[in-house]
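Everything below concerns the one structure shown next.
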Amino acid sequence: MSLAVFRDRLWDLAIAFGGVSVVARVMARQAWKRFEVSLRTDIAHDTDDVPDLHEWDFRY
């Protein structure tokens, strides 16, 4: 394998990884924006996910 072929393969890898990094950066930016929006939204305190307190109190 000559040095020119090796250098060409390295360039191919560099271009491929550069493309992958651009795609990953765009996806990360979109995920970050969704995260920031989720921080700005109000938290619903009454979601009925947690049973009422009297359901856990065995005295009743």
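Here are the numbers for the structure shown:
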item: Only listed residue being modelled with pLDDT of 90 or more and within 34 Å of the chain's Cα centre (by Cα), chosen from Ser38, Ser21; result: Ser21
item: Among the candidates Asp8, Asp12, Asp49, residue that is open to solvent by 100 Å² or more (accessible area, probe 1.4 Å) and either assigned to a helix (DSSP H, G or I) or at pLDDT below 85 (or both); result: Asp49
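The values are calculated or read from the model by the stated rules, or taken from the named source; none is laboratory data. Computed from a predicted model, the values in this text were never measured in an experiment. Heavy atoms of the whole protein, side chains included, go into the accessibility calculation; ligands, DNA and RNA do not. Shrake-Rupley method; radii C 1.70, N 1.55, O 1.52, S 1.80 Å.
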